[in-house]
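The values are calculated or read from the model by the stated rules, or taken from the named source; none is laboratory data. Bear in mind that the values here come from a model prediction, so they are computed numbers and not experimental data. All Cβ positions, even for glycine, are placed from backbone atoms using ideal geometry, and neighbour counts span all protein chains on display. These accessible areas exclude ligands, DNA and RNA; they are computed on the full protein's heavy atoms, side chains included. Shrake-Rupley method; radii C 1.70, N 1.55, O 1.52, S 1.80 Å.
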Amino acid sequence: MLEQHLAALPIILPLIAAPIALILGRSVLSWGFATLVSGLAFLLSWQLLSAALSEGVISYAVGGWAPPWGIELRVDAANAFVLLAVTAISTLVLVYSKHSIEKEVKATNHTLFYTAHLLCLAGLSGILITGDAFNLFVFLEISSLATYTLVSLASDRRCLTAAFRYLVMGTIGATFILIGVGLLYMKTGTLNMLDLAERIDLYDSSRTINTGLAFIMVGVSIKLALFPLHMWLPPAYTHAPSAVSAFLASTATKVAVYVMIRFIFTVFGIDHVFVDMGMGIILMVLAVVAIFKCSYMATVQSNVKTVLAYSSVAQIGYMILGLSLVSVSGLMASMIHIFNHALMKGALFMAVGAVFYRVGSVEIKDFAGLGRKMPLTMAAFTIAGLSIIGVPLTVGFVSKWYLVSAALEQDQWLVAAFVLVGSLFAVMYIGRVIEAAYFQKLPESRSSEDIKEVSWLMLVPMWVLVIANIYFGIDTSLTTEAANSASEWLFQTNNMLENKVMEGEVLEGHAIEEKAQEVSS
Amino acid sequence: MSFILDYYNYWIVVFLMMAGFYIVISANNLVKKIVGLNIFQTSVFMLYISMGKVTGGTAPIVAEGVTQYSNPLPHVLILTAIVVGVATTAVGLALVVRIKRAYGTVEENEFDNKDDVI
């Protein structure tokens with residue numbers, strides 16, 4: 001029973017749990033419930049990943065309607081891997097959020113927070129697992145609407161304008177995806193991704209398909225905050241409650257990157273996107289500009305959450321750079337970085353949230369002297385910061401290593417150099433915070449205030465992520481194995497589909513020749 | 001000329017899409033932005049619904065003597081998309097209400113701090 005419906009459960013469970021969390025009414029109850037549900041979703045996705053790694057693909061027909069007519073859920077190594085990261089971060093953030101939310105969200109809104117968080121989790125799992133292009137749009141909107149609500153729950157009024165800006169941009173992005181899917185449906189008559197992939201190859205040079213590709217790429221780029229379309233992200237992450245920033249920064253944009261990977265590699269096919277349409281060079285240029293511009297922007301901000309938000313946009317640049325290299329190792333670097341960046345940014349935003357909990361501000365000048373007062377929090381910030389920079393023995397190094405070696409594999413020396421210079425910027429923006437925390441004295445006005453370490457409920461999830469940062473930096477077998485099989489799987493299906501179409505054409509060719517012979521004889 | 005007439009549904013879609021998009025970008029008033037967003041989304045509904053029409057086909061209800069039906073699937077899809085659109089509008093308007101309470105205005109050029117401009 002459970003085995004049979006395993007693929008659907010990570011979506012269904014949080015979706016059903018969300019209204020129950022609202023009905024529970026009391027903050028503590030719905031916190032416990034939401035954490036439990038998210039933990040269960042994590043265990044389920046662990047099961048799914050091990051099943052996907054051993055069996056290959058798990059296909060689940062929703063409501064018993066066989067694909068391509070019904071909606072299909074498809075779990076393979078690629079999305080099970082991202083799903084594991086998303087549910088893990090969600091669980092840790094929920095554990096962390098109890099105290100953080102008490103400080104940053106009005107008491108009457110606590111249950112709403114947990115409800116919206118569960119809805120967002122359900123939407124993100126849905127985006128990852130679904131094998132249907134239209135269904136993907138629906139889940140994208142479920143998660144996005146929950147996200148707008150989450151951002152607007154902070155007590156600072158600026159969160160409202162940030163959420164509104166996010167809503168306008170996000171809706172335009174989602175509508176672009178809807179237009180793109182509509183154009184694909186118009187030409188192919190199907191919405192199932194594998195079905196789409198087979199039929200798109202038949203109409204490679206169709207203008208409708210190419211317009212659809214353009215719309216989907218722009219729409220997804222807004223959702224994942226690719227460089228010129230990232231303007232919604234810094235205010236949203238800055239003014240959202242810290243727990244929300246930690247959750248969104250490490251999951252929402254990552255899932256959007258996955259959507260881009262899925263559309264490029266599964267639906268449209270590498271040859272169509274990179275060879276015929278020349279998307280590779282566009283993505284590469286935008287990624288490099290994102291790394292530079294946003295890393296630079298991060299170094300000149302005064303609010304630490306804004307610093308981390310700009311740093312997130314720059315890190316997304318690394319992921320897009322990896323996939324724009326169009327090789328198994330480049331895609332693998334992207335997949336690893338999706339996982340690793342979730343670990344680093346989660347830990348960093350949690351540490352900053354802990355500082356906000358005690359100090360009430362996240363300006364860099366307010367970090368002065370915190371190294372002594374909050375040693376564990378600042379140590380967590382430092383280690384996660386080193387990971388962003390890419391120091392050996394942390395996960396950041398692993399990501400950069402694979403990215404640089406993927407670039408060097410194709411003799412892209414310039415790209416490799418850009419990646420390394422991006423790290424230098426990271427040294428600057430993380431260094432400014434660490435310098436304030438450890439090498440500046442606590443201001444006189446502060447010394448009388450009671451600033452001490454936060455409670456273990458906030459420290460444990462933070463340190464779990466920090467230890468994961470170090471553990472996966474030393475023992476890379478799990479991440480590289482999963483990412484490698486995920487990217488090989490994506491390339492393999494791509495080649496398989498193309499071969500199938502080639503054979504089809506050959507057969508047709510034979511048939512025509514035979515007919516011609518019949519006619520002549 | 002026939003190029004314009006044959007594809008008149010697309011011209012309507014393109015016009016609505018651009019009009020809505022322009023309102024979203026140019027309007028100062030946040031409610032107008034939401035209205036623009038709605039027009040923008042409506043154009044996509046039109047795109048889907050008009051693509052479901054099959055020339056000579058009737059409404060997709062099984063009836064005797066009818067062999068050709070219009071495609072009902074885009075209509076079903078767009079029902080879902082309309083629900084999504086309504087939900088987005090509701091969240092957007094709720095945000096506008098809270099912005100009005102917090103800032104005292106829904107005109108974005110009247111916000112005190114220029115950083116808050118949307």
Completion exercise
Across region B:40-53, the tally of residues that are open to solvent by 50 Å² or more (accessible area, probe 1.4 Å) and within 11 Å of chain A (Cβ to nearest Cβ) stands at 3
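Yes/no matrix, rows are residues, columns are (1) free of Cβ contacts under 8 Å to residues at least 12 places away in the same chain; (2) open to solvent by 10 Å² or more (accessible area, probe 1.4 Å); (3) within 23 Å of the chain's Cα centre (by Cα):
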position: A:347; (1), (2), (3): no, no, yes
position: A:352; (1), (2), (3): no, no, yes
position: A:356; (1), (2), (3): no, yes, no
position: A:378; (1), (2), (3): no, no, no
position: A:387; (1), (2), (3): no, no, yes
position: A:397; (1), (2), (3): no, yes, yes
position: A:420; (1), (2), (3): no, yes, yes
position: A:424; (1), (2), (3): yes, yes, no
Problem - Qualifying positions in region B:64-106 - at pLDDT 85 or above and of a type in the set (D, E, K, R) - result: B:98, B:100, B:101
Practice task
Could you figure out which of (1) at the interface with chain A (Cβ under 8 Å from one of its Cβ atoms); (2) part of a loop (DSSP other than H, G, I, E, B) isn't true of residue B:105?
Solution key: (1)
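Given the structure, is residue A:394 outside the structural domain of residue A:378 (by TED's automatic domain parsing), modelled with pLDDT of 80 or more and of a type outside the set (Gly, Ala, Ser)?
Spelling it out, it is not the case that residue A:394 is outside the structural domain of residue A:378 (by TED's automatic domain parsing), modelled with pLDDT of 80 or more and of a type outside the set (Gly, Ala, Ser).
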Practice task
May I ask you to list the residues in region A:153-172 that are more than 7 Å from chain B (Cβ to nearest Cβ), open to solvent by less than 10 Å² (accessible area, probe 1.4 Å) and over 23 Å from residue A:361 (Cα atoms)?
Solution key: A:170
Practice task
Say whether the condition of being under 24 Å from residue A:272 (Cβ atoms), touching a Gly at 6+ places or on another chain (Cβ under 8 Å), surrounded by 23 or more Cβ atoms within 10 Å (Cβ to Cβ) and more than 10 Å from chain B (Cβ to nearest Cβ) is met by at least one residue in region A:201-209.
Solution key: no
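When you look at residue B:80, is it within 10 Å of chain A (Cβ to nearest Cβ) and out of contact with any Phe, Trp or Tyr (no Cβ under 7 Å at 6 or more places or on another chain), yes or no? Talk me through it step by step, then tell me what you get.
On the way: within 10 Å of chain A (Cβ to nearest Cβ): yes; out of contact with any Phe, Trp or Tyr (no Cβ under 7 Å at 6 or more places or on another chain): yes.
Taking the combined requirement at face value, the residue satisfies it.
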Problem - Test for residue A:419: is it in contact with a strand residue (DSSP E or B) (Cβ under 8 Å, 6 or more places away or on another chain) and either at pLDDT 85 or above or in the same structural domain as residue A:290 (by TED's automatic domain parsing) (or both) - result: no
Handout entry: residue B:67 vs. criteria among the polar types (S, T, N, Q) and assigned to a loop (DSSP other than H, G, I, E, B)
Key = yes
Practice task
Working carefully through the options A:326, A:355, find the one that is outside any helix (DSSP H, G or I) and outside the structural domain of residue A:104 (by TED's automatic domain parsing).
Solution key: A:326
Problem - Hey, residue B:53 charged (D, E, K, R) and over 20 Å from residue A:185 (Cα atoms) or not - result: no
Practice task
Would you point out which residue out of B:30, B:37 is in contact (Cβ under 8 Å) with a residue 60 or more places away in the chain and facing chain A (nearest Cβ under 10 Å)?
Solution key: B:30
Exercise for the section: Scan region A:173-187 for residues that are closer than 16 Å to residue A:72 by Cβ and either more than 12 Å from chain B (Cβ to nearest Cβ) or small (Gly, Ala, Ser) (or both) and jot them down. Expected result: none
Fill in the blank from the handout: Quick count over region B:54-94, residues being surrounded by 12 or more Cβ atoms within 10 Å (Cβ to Cβ) and of a type in the set (Asp, Glu), is 0
Fill in the blank from the handout: Condition set assigned to a loop (DSSP other than H, G, I, E, B) and under 22 Å from the mean Cα position of the chain (by Cα), scope region A:1-18, selection modelled with the highest pLDDT: answer is A:8
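How many residues, within region A:303-317, are hydroxyl-bearing (Ser, Thr, Tyr) and surrounded by fewer than 24 Cβ atoms within 10 Å (Cβ to Cβ)?
1
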Completion exercise
Selection from region A:88-127 of residues among the hydroxyl-bearing types (Ser, Thr, Tyr) and under 16 Å from the mean Cα position of the chain (by Cα) yields A:90, A:91, A:125
